[in-house]
Every structure is written in structure tokens, then in C-alpha cells.
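Computed from the coordinates by the stated procedures, all read-outs in this text should not be read as laboratory data. This is a predicted model, so every value here is computed, not measured. Every residue, glycine among them, receives a Cβ derived from its backbone with ideal geometry; neighbour counts consider all protein chains shown.
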Amino acid sequence: DEAIDFFGANQAGIVTPAQDRLHFAAFDVLTEDRDDLVDLLKAWTAAAARMCGGDYAGPGGAVGGDYYGPPEDTGEAQGLPASGLTLTIGFGPSLFTTADGAGRFGIADRRPEALQPLPGFPLDDLDPAISGGDLCVQACANDPQVAVHAIRNLSRIGFGTVGVRWSQLGFGRTSSTSRTQATPRNLMGFKDGTANLKAEETEALDEHLWVAADDGPAWLAGGSYMVTRRIRMMVETWDRTSLAEQEAIFGRDKSEGAPLGSAAEFDEPDFDATEGGQPVIPELAHVRLAHPSNHDGARMLRRGYSFVDGTDDLGRLDAGLFFIAYQRDPRRAFIPVQESLAANDVLNEYIKHVSSGLFACPPGVADADDWWGRTLF
Ligand code: HEM
């Protein structure tokens, strides 16, 4: 129920121990006016700081303002605690330049080299209507009503300046981002987040998560790149697959989450072990393909959520994993890892990537005078 500090050197909602619920929204900027955009970012920052502290979006509250105007808060979170709410903003490639290369808002020359739309991967089945966006906000909280309230109020404040392009609700975190958390399970029933980058690994966070001052551009120092992928799971097909096959696909056992051939969850996988001439962890197992030892040591901080958005017209659950990963440079982490997974992962028989996004998340907001994006504008 506690409030998580909104202010700090890095944005909250990245190494913050993953909360249980997500409401993620991507926005398009409707104005061409830079000052309007800057004013919105300032207004958003003030509202975000208030809401993360467990307060109303605006000082007038839900009923205490002008009786003859719309309330400064929509009201559905009245009486609810802060619930660990974090709000994390990201800037998409299209905020800086249009698809035909024209600059926007006078910041084209500040676009990070790494902030290109992600390349196409084999088997991608992306729907552009639920991909990309000029801005995004990740709202995480332990109460879904609190996360939804936050996104709703930001979009209310942005009316006319920004419009929601797409959004995603998530329940059940699919990763742990701190050693204080037990590893949760994804909808395939496997522990997810075991080998994740954790908040306590401070040196590894500097190496793999936070953009350093000399990485460039300077405005992004202390920030991170966020990749989002809505990954549909063919759960009905998965549920007809043998346990032996399921474990071989991930390279871990389903009960304990230990690497195949080992006893305990946090044992290091032994990729050289063989039995009867065959590798104990199959050559194309997910954990082998994604492992840092196959990607020049690259790691990322995964922070995804499960989703079930009803059923499709064949009566199958529209369910899966809304994958979110943070990293210092997507060209060294997500992109090469996904290239390898998309080409080889046996898991591909059971999943489909249907939405994609890449966002540069600026550093944290220092204090009440600072605002989201100040270093960029
Ligand atoms: C590990 C599930 C997609 C990157 C794992 C593990 C599971 C899992 C169960 C083992 C436990 C752990 O260490 O967390 C899934 C499922 C996916 C999916 C169900 C899709 C629906 C992806 C994608 C990427 C990715 C798209 C990145 C491109 C990783 C990495 C590890 C991992 C880096 C840790 C490997 C290690 O160091 O041992 N995943 N994953 N996963 N996954 Fe995925």
C-alpha cells in the first residue's frame, strides 16, 4: 500500500520491485507546437508526482474544486492508498522525427542513435495500430484501479495535446526485479524472472541498464531504453504439449524453475552437460538462446505482465505476455537476443509477437521544480 518515491536520479518503475498490475499507454502528440508539448510534460509531471504520493491528480481533488467545472481528478481512486504506484515515461522515435525524416519540436538532432524503430524479426505479426507511439507511460501498482486511474487522469490532462494510440492492461507480474521478491509464474506455468537483472546488482545495473553520460546523447544519462512486445500465447496448444516438451523448450524444470540437470532455481545452467550424447539443456532451449554467454554478456531487466483480453472468435483465450524490458542499449541487448530467439526458439510454435515499441526513458525527476523531459527540451 506504500507510496514509492517519485523523485530520484533514475525514474521509478524500472528497478522498483515489480508491482502486481500494469496499465501501459502509448500516446501520439497531436499538437505541432513545442511549447504546448513542454507545458503538457510539466503538467503531467506534477500530476504524476501527486498521484504516486497517493493524492489526487490535481489540487482541487475529485469534488473540492470549481463546482461548475469538471473535477481535477476523476474520483475513482478516492479512499485507495498509493498502492506502490509508479509512472514511467518514455519517448518514441516518432517524437523526434516523422516517418519521412522531417524534424519535430526542434529536437531531431537530439534523437539517440539507438532510438530507431526496431528492425523486423522473423515471424513478427505486428499490428501497427497497437505498436509504436510518440510517448508512453507505464503505470504499475498493486491495485489495478490505481494504475488505471493514473493513466486515465494523464490522458484527461493531455486532451487535445496528446491522444491515446493504444493501451494494454496487465495482471500478474511475470518477473521479479529484486531479490526480495519470489519469482512469479507466467501463463505457461513457468517461473519467470529467475535470471533477471535485479535491483541489488548495482554494478550490473550501471553496466547493463542505465545509459551512461558518455554513451550519448547527454540528455539521456541516467535513463534507459524500454522495449515493449505484446506476445500472444497459443495457450490451448501449449496445454496439449507434454511436460517433457515444455521443460525442454525453456531448459528449466516447471516445478522448481531449476536449469535442467540442476536441483535449485538459482543454480547456474550447465550448458556443457550431456546425457547419452545429448545436451541436458537442449541446443534450442529458450534459456540457452537468451543467455548472456551467447550475446557478449548482454543482460536486460525484464518487467513484463500477463494479459488475458477476453477470447477470440474461435473461442481461444486472447492471452499472453506483455513483455517489457529495460536496457542501456537495445542494439546490444534486446535486438540480438530477439534475432536469435525469432530464428531458433522452439517456443515460437506457441507464441506470436503482435505489437512492438521502443522508447527512450529519460532520467529521473529530481524535485518538484524538475519535469519529465527537461534535459531533452
Ligand atoms: C528467461 C519465458 C520471451 C529474454 C526466461 C525464462 C522463462 C522465460 C520461463 C526462464 C526463467 C528466467 O530466467 O526468467 C518467456 C516467455 C516468453 C519470453 C514465456 C514469451 C512469451 C522473451 C523475449 C526475450 C526474452 C522476447 C528477449 C528478446 C529472456 C532472457 C532470459 C529469459 C534474457 C534469461 C536467460 C538467462 O540468463 O538464463 N524466459 N520468455 N524472453 N528470457 Fe524469456
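Summary table
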read-out: Hz values of 3J(HN,Hα) by residue in segment 105-120 - Karplus curve (6.51, -1.76, 1.60), Gly and Pro given as x; value: 6, x, 10, 4, 6, 9, 6, x, 4, 6, 8, 10, x, 4, x, x
read-out: DSSP-defined antiparallel bridges as percent of all bridges, the chain, nearest 5; value: 95
read-out: Proxy reagent accessibility, fewest Cβ within 10 Å first, across Glu236, Glu72; value: Glu236, Glu72
read-out: Dipole-positive endmost among Tyr225, Thr202, Phe91 within the chain (Cβ charges, Cα centre); value: Phe91
read-out: Overall form of segment 179-241 per C-alpha gyration tensor (a/c, 1.5; a/b vs b/c); value: oblate
read-out: Per-residue Cβ neighbour rank within 10 angstrom, fewest leading, Tyr305, Tyr68, Tyr326; value: Tyr68, Tyr305, Tyr326
read-out: Neighbourhood net charge (13 Å Cβ-Cβ; Lys/Arg +1, Asp/Glu -1) for Pro336; value: 0
read-out: Under the Karplus curve 6.51 cos²θ - 1.76 cosθ + 1.60, θ = phi - 60°, whole-Hz ³J(HN,Hα) for segment 360-377, x wherever Gly or Pro sits; value: 9, 9, x, x, x, 8, 6, 7, 5, 8, 8, 8, 4, x, 4, 5, 7, 8
read-out: Max mean-square fluctuation residue, GNM over the chain, Cα-Cα springs under 10 Å, options Gly132, Gly223, Gly297; value: Gly297
read-out: Estimated 222 nm signal from helices in the chain, with DSSP H stretches of n ≥ 4 weighted -39500 (n - 2.57), rounded to 500; value: -5000 deg cm²/dmol
read-out: Using alpha-carbon coordinates, inclination of helix 144-157 to the longest axis of the chain, degrees; value: 40
read-out: Charge context of Thr177, other residues only, Cβ under 11 angstrom, K/R +1, D/E -1; value: +3
read-out: Amide H contacts under 5 Å for Gly65, placed H, 5+ residues apart; value: Glu72
read-out: Amide H partners (placed H, <5 Å) of Phe322, local residues excluded; value: Ile231, Tyr305, Ser306, Phe307
read-out: Net dipole in debye of the chain [+1 Lys, Arg Cβ; -1 Asp, Glu Cβ; about Cα centre; nearest 20]; value: 320
read-out: Using alpha carbons only: equivalent-ellipsoid semi-axes of segment 21-361, gyration tensor based, whole Å; value: 36, 23, 19
read-out: Residues with amide H under 5 Å from that of Cys361, placed H, sequence gap 5 or more; value: Phe91, Ser224, Tyr225, Met226
read-out: Rounded to 10°, Cα long-axis angle of helix 334-344 versus longest principal axis of the chain; value: 40
read-out: Net charge contributed by nearby residues that have their C-beta within less than 14 Å of Leu376 (K/R +1, D/E -1); value: +3
read-out: Cα-based helix-to-principal-axis angle, 34-52 vs the chain, degrees rounded to 10; value: 70
read-out: Lys, Arg +1 and Asp, Glu -1 on Cβ, resulting dipole of segment 151-310 about Cα centre, debye, nearest 20; value: 1240
read-out: At most 12 other Cβ within 10 Å, DSSP loop - GluC sites (Glu not before Pro), segment 277-377; value: Glu283
read-out: Anisotropy class of segment 238-278 from Cα gyration tensor, a/c 1.5 cut; value: oblate
read-out: Shape category assigned to segment 163-284 from the gyration tensor of Cα positions, a/c cut at 1.5; value: oblate
read-out: In sequence order, calculated HN-Hα J values of segment 285-292 (Karplus, 6.51, -1.76, 1.60; Hz; x Gly/Pro); value: 5, 3, 5, 6, 5, 8, 5, x
read-out: Sequence of Met234, Met188, Met226, Met300 once ranked by neighbouring C-beta atoms within 10 Å, starting from the fewest; value: Met234, Met188, Met300, Met226
read-out: Size of charge dipole - segment 1-158 - debye, nearest 20, with Cβ of Lys, Arg +1 and Asp, Glu -1, no other charges; value: 200
